[in-house]
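Any read-out appearing in this document is the output of simple, stated calculations on the displayed coordinates, not a laboratory observation. These figures come from a predicted structure and were not determined experimentally. Cβ placement follows ideal geometry from the backbone for every residue including glycine, while neighbour counts extend to all protein chains displayed.
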Amino acid sequence: MADAVVSEPVLVWGGGAIGGTLAACWARAGVPVLMVDVEAEHVRVSAAEGLAVEGPVETFRQLVPAVTPDRVEGRFGRIVLAVKAQATETATRMLAPHLAEDGFVLSAQNGLNERAIAAIVGPERTMGCFVNFGADWLGPGRILYGNRGAVVVGEIDGSLRERTRAMFELLRVFEPEAVLTDDIWSYLWGKMGYGAMLFATALTNDSMTANFADPARAPALIGLAREVCALAAAERVSPRGFNGYDPAAFAPGAPEAEARACLARLADFNSRTAKTHTGIWRDLAVRRRRTEVDAQIGVMVAIAQAHGIAAPLIARLVSLIHDVEEGRRPMSVETFHALTAAS
């Protein structure tokens, strides 16, 4: 991978589950990296003692140059944004002065955050990225790398450029099976369908696998994916599948048997990872903080309204996550089934 090593530092803005894993793997491969994170102790440990990546994929400790946002100096041609979706606009405005005129911001996040980034730095300076590997921030200087997953990169306008191919090669340093695409929105919308179901699993304390394997929960999970597929169609996007998730199984007219078979594949895929629960669940149950629900799922409610499309399950999911965040409902199977309970 020596050819992929570049001389100009990559600024990784957000050193949590996604950004920290990328930064540590790149730094270990000899790629110049500067990681930025708001957690001062995480920054200190990563730079002075090394960022420890743990889990079944691989275990190592790597010194990663890191600073807090107020200590960033200079301008960078490549900035990888890896903050939580709800922090996208704030982080993008903070990093904008450090983005080179001919540089770009790559969104290594969950959601449709490329829209928000492009609105601030411009579409020409925004690159799309889809990630589905499993990781969790465990504490200062510690990240669980639970399983490998799809990694895809592409320009938001569908073009293929020299910079896109260069970023593809850089991502291959981390994930050798990474994909270069001319249709990044198809992958991002694919993740939105899967992501809606993952948010639903966080309404309980059960693992992702237990949720996907429970026949009684299938109607809600299938219904959410179908609503997302309808929104994607309205946006003139054909979602693509990955890691067991097949959007075609939830398309209008698709047999329910295909949807249930897809849920079985997702149960199997998630049974083979050390990351048993979503980051959403972790925000609710462990870190006791607000989730990305508005920035990820709430965005789809707004898209549905703009198209005049009913998306009652998606809207209900947002409401239930807020109920859990604010202590009005417990994380339980009963709360999950409130998704499809009669109003």
Sparse-neighbour loop sites [trypsin sites (Lys or Arg not before Pro); segment 152-217; at most 16 other C-beta within 10 Å; DSSP]: Arg161
Computed magnitude of the charge dipole of the chain (debye, nearest 20; Cβ of K, R +1, Cβ of D, E -1): 440 debye
Within segment 80-108, backbone nitrogen closer than 19 Å to the virtual label 7 Å beyond the Cα of Glu73 toward Cβ: 95-100
Net charge dipole size for segment 156-311 [Lys, Arg +1 and Asp, Glu -1 on Cβ; Debye, nearest 20]: 460 debye
For segment 186-337, average projected area of the Cα convex hull in nm²: 8.2 nm²
Arg93/Gln305 FRET efficiency (R0 30 Å; Cβ-Cβ; nearest 0.05): 0.70
Cα-projected label distance for Ser238 with Arg165, points at 7 Å along beta-carbon direction, nm: 2.6 nm
Segment 275-339: C-alpha pair distances exceeding 14 Å, %: 60 percent
Positive-end residue, segment 186-337 charge dipole about Cα centroid, Cβ charges, pick of Leu320, Thr273, Pro255: Thr273
Size of electric dipole in segment 84-221: Cβ of Lys, Arg +1 and of Asp, Glu -1, about Cα centre, debye, nearest 20: 320 debye
Peptides ranked, highest mean first, by Cβ atoms within 10 Å: ranges 315-322, 99-106, 222-229: 222-229, 315-322, 99-106
Pairwise Cα inverse-distance average, inverted: Kirkwood Rh of segment 104-220 (Å): 15.8 Å
Nearest-0.05 FRET efficiency for Arg290 and Val333, computed from C-beta distance (R0 25 Å): 0.65
Signed unit charges on C-beta, dipole axis of segment 83-219, positive-most listed residue Asn110, Ala202, Ala100: Ala202
For the chain, calculated [θ]222 nm from helices alone, where every DSSP H run of n ≥ 4 adds -39500 (n - 2.57): -12500 deg cm²/dmol
Cα lying deepest toward the dipole's positive end in the chain, options Ile303, Ala285, Pro32, charges on Cβ: Ala285
Segment 32-66: GluC sites (Glu not before Pro) in DSSP coil with no more than 15 other Cβ atoms inside 10 Å: Glu49, Glu58
Rg [Å, one decimal], Dmax [Å, integer] - segment 79-150, C-alpha atoms: 13.2, 37
